[in-house]
Amino acid sequence: MDDNCLFCKIIAGDIPADKLYEDEDILAFHDINPEAPLHFLVIPKKHIIGPGYIDETDQEIIGKILRKGGELAKENGHESFRLVANNGAKAGQTVFHFHLHVMGGRPFSWPPG
Ligand code: 5GP
Ligand code: ZN
């Protein structure tokens with residue numbers, strides 16, 4: 001737990017979130033500012049700064065986040081979806097606690113802007 005981290009505060013229940021899934025390792029909740037009809041985030045309960053800060057002991061949890069992200073997208077009726085994890089401000093990261101964006105329900109362009 002990082003006392004200054006928004007997503008750690010959501011995990012602790014100090015800030016409310018619209019949750020889709022929770023277990024002992026991970027939490028999935030709807031993005032407050034959705035960029036697609038389906039847009040939720042999957043995060044580890046452990047404070048990992050971002051995709052550039054995953055250590056060997058985190059590999060299982062990151063795999064679980066990927067698996068669960070896809071599973072929840074499909075459960076919510078989306079066969080096509082995009083998974084995004086930003087690392088660093090220049091890549092668009094604004095919250096420095098690892099999060100997988102799961103987005104669907106509209107076409108996406110490639111490469112992303
Ligand atoms: P990033 O830009 O770091 O990849 O993504 C951060 C995401 O967190 C953004 O899509 C933003 O809308 C979302 N977000 C920021 N603050 C909150 C919040 O308090 N609650 C929820 N549910 N999402 C948030
Ligand atoms: Zn955190």
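Okay, here's what the table says:
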{"read-out": "Sole exception among (1) in a loop (DSSP other than H, G, I, E, B); (2) at negative phi for G77, by number", "value": "(2)"}
{"read-out": "Some residue of the stretch 48-66 being away from ligand 2 (no atom under 16 Å from the Cβ) and either surrounded by 15 or more Cβ atoms within 10 Å (Cβ to Cβ) or under 15 Å from H99 (Cβ atoms) (or both)", "value": "yes"}
{"read-out": "Scan of the stretch 62-76 for residues that are in contact (Cβ under 8 Å) with a residue 12 or more places away in the chain, small (G, A, S) and more than 15 Å from ligand 1 (Cβ to nearest atom), ordered by number", "value": "G70, A73"}
{"read-out": "Filtered residue count, the stretch 17-36, keeping only those that are surrounded by fewer than 12 Cβ atoms within 10 Å (Cβ to Cβ) and away from ligand 1 (no atom under 13 Å from the Cβ)", "value": "2"}
{"read-out": "From the options I10, I43, residue that is assigned to a strand (DSSP E or B) and modelled with pLDDT of 95 or more", "value": "I43"}
{"read-out": "Restricting the stretch 77-113 to residues that are more than 16 Å from ligand 1 (Cβ to nearest atom) and either surrounded by 12 or more Cβ atoms within 10 Å (Cβ to Cβ) or of a type outside the set (F, W, Y) (or both), the residue that is farthest from Y21 (Cα to Cα)", "value": "P111"}
{"read-out": "Matching residues, the stretch 1-16, being free of Cβ contacts under 8 Å to residues at least 24 places away in the same chain, away from ligand 1 (no atom under 11 Å from the Cβ) and not charged (D, E, K, R)", "value": "N4, A12, G13"}
{"read-out": "Unique match (being at negative phi and assigned to a loop (DSSP other than H, G, I, E, B)) among A36, A28", "value": "A36"}
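The values are calculated or read from the model by the stated rules, or taken from the named source; none is laboratory data. Keep in mind that this is a model prediction, so the values were computed, not measured. Counting neighbours? That spans all protein chains shown, and the Cβs are built from the backbone with ideal geometry, glycine included.
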